[in-house]
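The next block holds one structure in the form of structure tokens; read it before the comments.
The values are calculated or read from the model by the stated rules, or taken from the named source; none is laboratory data. Being a predicted model, the structure only gives us computed values, none of them experimental. Here Cβ is always computed from backbone atoms with ideal geometry, including for glycine, and neighbour counts include all displayed protein chains. Ligands, DNA and RNA are excluded from the accessible area calculation, which covers all protein heavy atoms including side chains. Shrake-Rupley method; radii C 1.70, N 1.55, O 1.52, S 1.80 Å.
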Amino acid sequence: MSSESPRILIVGAGLGGLTLAQVLRKYSIPFTIYERDASPQSRLGWSLTLSTIISPLLAAVPQEDKPPLSDIAVTHTFGKTGSEGMILMNAYTGKVFAKDVTKPGGHLRVSRAALRDWLSIGVDIQWDKRVVEWNTTEDGGVEVVLSDGTRERGSALVGADGVQSHIRSSLLAKAGITTNPLSWLPYKLYACARDLPPAKYKPIYEVNPTAVGSFGDNLLFFGVINRAAPDLSTAEYLWFTSWPDLGAGGRPDFMERQHSKSFEEMMAEVKEKVKDTVEPLRGLVFDTSKENGEEIVPIFLRQVKLDAIPEGPVTLLGDAAHAMSIFKGEGGNHAMLSGIELGELIGKAYSVASLPAGTPPPLPALFKEYEAKMLARTRVAIESSAKATEWMHASIGEWETRDVAALADRGRST
Ligand SMILES: Cc1cc2nc3c(=O)[nH]c(=O)nc-3n(C[C@H](O)[C@H](O)[C@H](O)COP(=O)(O)OP(=O)(O)OC[C@H]3O[C@@H](n4cnc5c(N)ncnc54)[C@H](O)[C@@H]3O)c2cc1C
């Protein structure tokens, strides 16, 4: 590498940080990526839908050392492609609203753990390294402090550290910005991942191989596959339920109160909501048992709306910069796109091939260019994800009047 090559410090080996790392690697730009988790096994995570990101990801990320993306599809072990659309139905009667619903721009349901592994190929992740502090240095770069007390220097810092981003809050605080860009949407969500034997998972799989979505009276109730054992002896399914919680959802102590609930308290709330729903979804909740080691997890619908990012050698990407409601399934797609856009800008300016063309723009100037585009793109997605959340939690009467199949088709063709 040329002596003019910058070293980029990336905080967070989630979907956004890893995508950035892959693109920098393609251009041979030096980087270090810190991850607070102890190992890839610390967080297996659930499945997610890749859509608009599929083509940009395949174009931007080196493929030679990776298996085809379809290998990480949730239904790969069943000999399917993961592009199977979901089914949407009335939660109380089972009446089908729409079949084979796929997302516009591509549709691939993947295991999150497998996607993280795929994005980690060829990337040297610094596991168990939590960044606790950072400061700018006299030469215009950045120094990070890790939780073990060590300090490391780089030319610039990218906070890809998720919705609760420490880099974001410290960056705004250092710039004297007191407005908190993080807000909550007023909904209550619970989820639980369960390992099921064939007798339990097959009835759900037979309704739809990737996702069974149902809607009740201001109630959303989904059963989705996360992964299956290679011999299909078990499959991990996730149930998740959500409903508007207008009184409590927006209160500042909402997260704390939700986290302090016992398994039994959360189970009682969910059972009350889904007691009149049809099988096989109802049983997915009703059979949940603490004795089997199953845990119910409260999830929070958080949004991050930034008007601007303070100028300098520090920027943000992914949920740290633009977290959005999960109900359009776009947050991860946007996190990876931000990783690609930032990586391409840095790579094209600073790769060995570009440097002879002249002095590249300083990193803070490249960051401004990236941020303007990224914030404009994701502001639209944050708003439309919030609208979709409201739309999905309609009354059952409203659902019955909707032509969901036509809406899904229209979505596919736009
Ligand atoms: C239930 C659910 C379903 C979803 N479904 C979809 C979907 O279908 N499609 C979709 O596109 N999106 C979906 N999303 C959203 C998607 O998961 C997020 O938008 C995406 O994970 C954001 O990626 P990220 O890299 O910005 O952050 P994260 O994935 O949160 O990664 C941040 C990383 O930073 C690490 N970290 C944090 N702080 C530090 C620190 N101080 N030092 C070092 N490391 C640190 C964390 O450990 C983590 O690994 C869903 C989300 C949920 C909750």
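A compact table of results
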quantity: Solvent-accessible area, 1.4 Å probe, carbon plus sulfur percent, for the chain; calculated: 53 percent
quantity: Rounded to 10°, Cα long-axis angle of helix 331-350 versus longest principal axis of the chain; calculated: 20 degrees
quantity: DSSP-defined beta bridges in the chain - what % are antiparallel, rounded to 5; calculated: 75 percent
quantity: Label-point gap, in nm, between S183 and F78 - each point 7 angstrom along Cα→Cβ; calculated: 3.9 nm
quantity: Residue (of A175, L337, V11) at the positive-pole extreme of the chain, dipole from beta-carbon charges; calculated: L337
quantity: Charge dipole of region 1-121 about the Cα centre (unit charges at C-beta), most positive-ward option of G85, L50, T75; calculated: G85
quantity: For I33, residues with placed amide H under 5 Å, excluding near neighbours; calculated: I10, Q126
quantity: Total charge dipole magnitude, region 248-403, about the Cα centre, Cβ charges on Lys, Arg, Asp, Glu only, Debye to nearest 20; calculated: 500 debye
quantity: Too-long pairs where the Cα-Cα distance tops 20 Å, listed order kept, from K99/K273; K26/K348; K129/K305; K305/K368; K202/K290; calculated: K99/K273; K129/K305; K202/K290
quantity: By accessible area with a 1.4 Å probe, ligands and nucleic acids excluded, highest first: order of H259, H334, H322; calculated: H259, H334, H322
quantity: For region 228-236, 3J(HN,Hα) per residue [Karplus equation, 6.51 cos²θ - 1.76 cosθ + 1.60, θ = phi - 60°, Hz, x = Gly/Pro]; calculated: 10, 5, x, 8, 6, 6, 9, 9, 8
quantity: Residue (of L189, S242, V96) at the positive-pole extreme of the chain, dipole from beta-carbon charges; calculated: V96
quantity: Total charge dipole magnitude, the chain, about the Cα centre, Cβ charges on Lys, Arg, Asp, Glu only, Debye to nearest 20; calculated: 540 debye
quantity: Computed [θ] at 222 nm, helices only, for the chain once each DSSP H run of length n ≥ 4 contributes -39500 (n - 2.57); calculated: -10500 deg cm²/dmol
quantity: Among 117-128, 99-110, the order from most to least packed when residues are scored by Cβ within 10 Å on average; calculated: 99-110, 117-128
quantity: Using alpha-carbon coordinates, inclination of helix 404-413 to the longest axis of the chain, degrees; calculated: 30 degrees
quantity: Ordering of 48-54, 290-296 by packing [mean C-beta count within 10 Å, highest first]; calculated: 48-54, 290-296
quantity: Full-stretch length increase - A268, A199 - with 0.36 nm per residue and alpha-carbon distance subtracted; calculated: 22.3 nm
quantity: Accessible area in square angstrom per residue, the chain, 1.4 angstrom probe; calculated: 42 Å²
quantity: Pairwise centroid distance, computed over Cα atoms, of region 184-210 with region 51-115, Å; calculated: 16 Å
quantity: Fraction of alpha-carbon pairs over 28 Å apart in the chain - percent; calculated: 50 percent
quantity: Total formal charge among the other residues, if their Cβ is under 11 angstrom from that of T234, Lys/Arg +1 and Asp/Glu -1; calculated: 0
quantity: Angle between the chain longest axis and helix 198-207 axis [Cα atoms, degrees, rounded to 10]; calculated: 90 degrees
quantity: Bridge type composition, region 1-114 - antiparallel percent by DSSP, nearest 5; calculated: 65 percent
quantity: Contact order relative to length of the chain, as percent, for alpha carbon pairs under 8 angstrom and 6 or more apart; calculated: 23 percent
